[in-house]
Ligand SMILES: *C/C=C(C)/C=C/C=C(C)/C=C/C1=C(C)CCCC1(C)C
């Protein structure tokens, strides 16, 4: 790995472009969240800190993914999943910290983390280890994903938010949108990337898996962090 990549980016290389801009955006977001910590009310400080950790971990991985992709032309599957296995559980911590204000117990956090690890490990198998069965691995991953959606939409997270303050209800409402809409971006990237020989082979060439994942990460890591930031500034 070079410290400074000297390889040129062709103007039509959108994959490299999104890796580059993703690196800068994750770095900028991290600086923002870390610096804002000192003007944040004490009750929200841990949430803002975790937002900064998520974008910081992503910034470092994007730095490597950008270089890997530019020098090999390949998808950085390994770095991608290492990033996710660290940042998605931290997003579960964010969900927990918000619902904790409504009385969530630590068991909820472990359920969410457990489901997210299953979701990611099965996804990695489908993309990198046993690609000919990508549809089955993707289905297993999708079941774990639906379980998380269930918890947030109708399960413990939803029940807890009902009896709490308007600010927490609003927070849980936006959290649900991220899990249902923001996270649903990823299976689309997965299907594009693993389409060869699967029932969804029509999706082959319908775009770039990496661009879809890079958009998903920007929405879910930076966007979600900003939603928490704006909640931390709300007056109720
Ligand atoms: C910051 C990174 C985030 C929020 C990553 C989230 C990733 C997912 C929700 C991935 C989900 C997948 C499926 C639901 C099925 C196909 C395999 C995956 C792993 C792409």
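Throughout, read-outs are computed from the coordinates displayed, never taken from laboratory work. From a predicted model like this one, the values you see are computed outputs, not experimental measurements. Because the Cβ atoms are built from the backbone with ideal geometry, glycine has one as well, and the counts that use them run over all protein chains shown.
Quick notes on this one:
- By the count of other C-beta atoms within 10 Å, a proxy for reagent exposure, 61, 133 are ordered fewest to most as 133, 61.
- Over all distinct Cα-Cα pairs of region 87-151, the Kirkwood formula returns a hydrodynamic radius of 12.3 Å.
- Over 21 Å [Cα-Cα, the chain], rounded percent: 58
- Exposure proxy ranking for 49, 175, 231, based on other Cβ atoms within 10 angstrom of each Cβ and starting from the fewest, stands as 49, 231, 175.
- Separation between Cα centres of region 78-119 and region 142-179, rounded to whole Å: 13
- Length-normalised contact order of the chain in % [C-alpha pairs under 8 Å, at least 6 apart]: 21
- Modelled spin-label separation between residue 233 and residue 17, with each label point placed 7 Å from Cα along the Cα-to-Cβ direction: 3.0 nm.
- Between 0 and 90 degrees, the angle of helix 134-153 with respect to the longest Cα principal axis of the chain falls at about 20 degrees.
- When the chain is treated as a Gaussian network with alpha carbon springs shorter than 10 Å, the biggest mean-square fluctuation among 200, 186, 81 belongs to 200.
- By the count of other C-beta atoms within 10 Å, a proxy for reagent exposure, 185, 54 are ordered fewest to most as 185, 54.
- Anisotropy class of region 1-112 from Cα gyration tensor, a/c 1.5 cut: prolate
- Taking the convex hull of Cα positions in region 100-236, its mean projected area over all directions (nm²): 8.5
- Length released on extending from residue 165 to residue 90, taking residue separation times 0.36 nm less the Cα-Cα span: 24.6 nm
- Once the Cα-Cα distance is subtracted from the 0.36 nm per residue extended length, the residue 202 to residue 135 segment shows a gain of 22.8 nm.
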